[in-house]
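Each remark here refers to the structure printed beneath this line.
Just so it is clear, none of the values below were taken in a lab; they were calculated from the coordinates. This structure is a prediction, so every number in the text was calculated from the model and none was measured. Using ideal geometry, Cβ is built from the backbone for each residue, glycine included, and neighbour counts are taken over all protein chains shown.
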Amino acid sequence: MIRTLAHRGPDGYGFHAAPGVGLAHARLSIIDLATGDQPIHNPRRTVWTVFNGEIFNYVELRQTLEAEGRRFYTQSDTEVIVHLYDRYGDGFVEHLNGQFAIALWDAERQRLVLARDRAGIRPLFYTREGARTWFASEVKAVQAVLPRCASFDPVGLAQTLTYWAPADPDTVYEGVRSLPPGCLLSIESNGREQLSRYWDWTFPPAAETSPGQFASIEHAAGELRELLIDAVRLQLRADVPVGAYLSGGLDSSGIVALVRGFTSTPVRTFSVAFEDAEFDESAHQQQMARHLGTEHSTLLCTRQDIGDAFPRFVRHAEVPVLRTAPVPLMLLSGAVRAAGYKVVLTGEGADEVFGGYDLFKEAKVRRFWARQPGSTWRPRLLERLYGYVENSPVRNAAFAQSFFGQGMEYLHSPVFAHVPRWRTSQRALSLLSSDMREALGAWEPMGAFEDRLPPETMSWSPLARDQYVEAKSLLAGYLLAAQGDRVAMANSIEGRFPYLDHRLIEFASRLPPSYKIRGMTEKYLLRRALADLLPSDILARTKQPYRAPDSQSFFRDGVPLDYVADLLSPECLREAGVFDPLAVGRLVDKCRSGRVTGFADNQAFVGMLSTMLLHRNLREVRNLPAIEPVLDTCA
């Protein structure tokens, strides 16, 4: 199992085997290089832990614990976990500021505890087979001993092709669960499981959210600035050099500016550039590197690079994806590793926390439009969105009204903002085979997702509802997974996310909507907090989401790449049984001729191709000889 995760921890393996338990760890050494090997135990050797990630406030926690008389045998952040468990039981996790997937074994009580960080930065999967519980940071480790888990779950697959990711705790694999963010799972000696949520994104009722709770917007900006500085300070902790991604936008530029302005830590910056002008932001990246005075490296990524690297990416991602955007980031993390770095700070999370996406502004306009459905000028406000998209739906007024007018029947549903995007993504479902459609039964994506939301959601402001659904769908399942953890760890790089410090999320959740989106200006308060650190044109830049060339990356002069032609042949498609060969053939012909320009067809093609690549990987797993577990009972 642990050998399959060598890319996550190439610096050594550690094991603990005892009656009832087997723990294994692949180490990426970042803190306490000399004595920080895992598993780590408490002084009585009755509590053992392995974990992936970092506890950023371990210094402060250690000082408190030592003041109580507790003694440590390492300098690692890991050791605070066992001492906190001794002190607080399952409440230990509430004291942690970090990004983590934790497994903790209580030998006296013969009890296993699994815990995942609040935002879902680090993955954690588990499954049961008889009396055994198996868990790992990636599904491939579970599949190494349980080939039965190498089969698609139809609903998990349909969720991914609609929401862009499975909806926790579901996965795309039969019988495998994902521990949801902010949750703790305990498994007792009698097999009883208890899943509890120790943290969640939450917002005050709309009636209690107003600018009056702050002395002034300047005061709120100052409070935000102090939280940002402290989050960056904590996340710079490492015994190895720390780099940073620099996209040229507000979010990553702000992180690097805070490092440069408020710490003594030197920082090297990295970015990705594209040959396609539509996706390239290198001019802004170079401007910020000069402004901040960083040593900067740029990786130029071509369509051919994306097509060639896509199979490797899918093997690491372990889920179908609807975009190629993660691939250049995987290549970039390889360049970071080659430069001698193991850790990078990123600007991910700012859009979810502070209302940065066009989707949020789009929903605001659509709600405004819904008050006067017959208005011709209200929907014209949508023309101020998506200007960075070459074939944007807003370029044709009639098409824009038709496209953004869909889903108005969900006006009073918490998923209202996401209906147009999910219906666009659902183009991939039209490619499914009749057997897969039958397996899905009456599954309906909008209602299915709404049923998972807490009842208090509708008491929140519309923007808060939109942010919560975004956090529960795209953020943890896609951005922090396929586009975050997996592409970084593919090259043994740890990404860190200061904007997802839980104190920042909690602060931002209390803000009135007008502090996040003022008129049509997104992340308004964040811009105020960073105003004196960045050039005015960077501060004023409208959000341009990171994107990459999609279906066009898999064809050369109208000819599909060899692996694409093989996987999408009628023979392979029929053998897999997931997609209808005729429907796929029509889409491939459209892509081959260069007639695919919109989101729906591009996402359908990438989703279908990545699913077929996964199917090929799973077939390899199922054909491997069975591995007899070393232990009679494994956790």
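Structural remarks
- Normalising by residue count, the stretch 86-245 has a Cα convex hull of 210 Å³ per residue.
- Among the trypsin sites (Lys or Arg not before Pro) found in the stretch 97-130, those both in a DSSP coil and sparsely packed, with 15 or fewer other Cβ atoms within 10 Å of their Cβ, are R109.
- For the stretch 394-549, the Cβ-based charge dipole about the Cα centre amounts to some 600 debye (Lys, Arg positive; Asp, Glu negative; other atoms uncharged).
- Modelled label positions at R437 and T521, each set 7 Å beyond Cα in the direction of Cβ, lie 5.0 nm from each other.
- Each Cα pair under 8 Å and six or more residues apart adds its separation to the average, and for the stretch 2-197 the resulting relative contact order is 16 percent.
- Separation of the stretch 541-597 and the stretch 22-81, taken as the distance between their Cα centroids, equals 47 angstrom.
- Area projected by the alpha carbon convex hull of the stretch 1-97, averaged over all directions, nm²: 6.4
- Magnitude of the charge dipole, the stretch 101-161, Cβ model with Lys/Arg +1 and Asp/Glu -1, debye to 20: 40
- Chymotrypsin sites (Phe, Trp or Tyr not before Pro) restricted to DSSP loop in the stretch 19-108 with at most 12 other C-beta within 10 Å: Y73
- Distance cut-off 21 Å, percentage of C-alpha pairs in the stretch 2-197 lying past it: 51
- Given in Å, the Rg to one decimal and the Dmax to the nearest whole number for the Cα atoms of the chain are 24.1, 73.
- Cα-based shape type of the stretch 477-635, given that a ≥ b ≥ c are square roots of the gyration tensor eigenvalues and the cut on a/c is 1.5: oblate
- Extension gain for the segment A540 to A131, taken as residue separation times 0.36 nm less the Cα-Cα distance, is 141.5 nm to one decimal.
- Applying a threshold of 18 Å to the alpha-carbon distances of K361/K523; K472/K543; K364/K523; K342/K543 flags K472/K543; K342/K543 as lying beyond it.
- Neighbour-limited loop hits for trypsin sites (Lys or Arg not before Pro), the stretch 568-627 (at most 12 other Cβ within 10 Å; DSSP other than H, G, I, E, B): R595
- A run of the chain free of exposed loop cleavage sites, with GluC sites (Glu not before Pro) counted only in DSSP states other than H, G, I, E and B and at most 15 other beta carbons within 10 Å, reaches its longest extent at 391-635.
- Contact order normalised by residue count of the chain, Cα under 8 Å, 6+ apart, percent: 19
- Under a model in which nothing but the beta-carbon of Lys, Arg (+1) and Asp, Glu (-1) is charged, the chain shows a dipole of about 740 debye around its Cα centre.
- If both residues of a DSSP beta bridge must be in the chain, then about 75% of such bridges are antiparallel.
- A helix-only calculation puts the chain at -10500 deg cm²/dmol for mean residue ellipticity at 222 nm, using -39500 (n - 2.57) for each DSSP H run of at least four residues, averaged over all residues.
- Cα centroids of the stretch 228-244 and the stretch 456-484: 26 Å apart.
- Label positions at L33 and H219, each projected 7 Å from the Cα along the C-beta direction, are separated by 4.7 nm.
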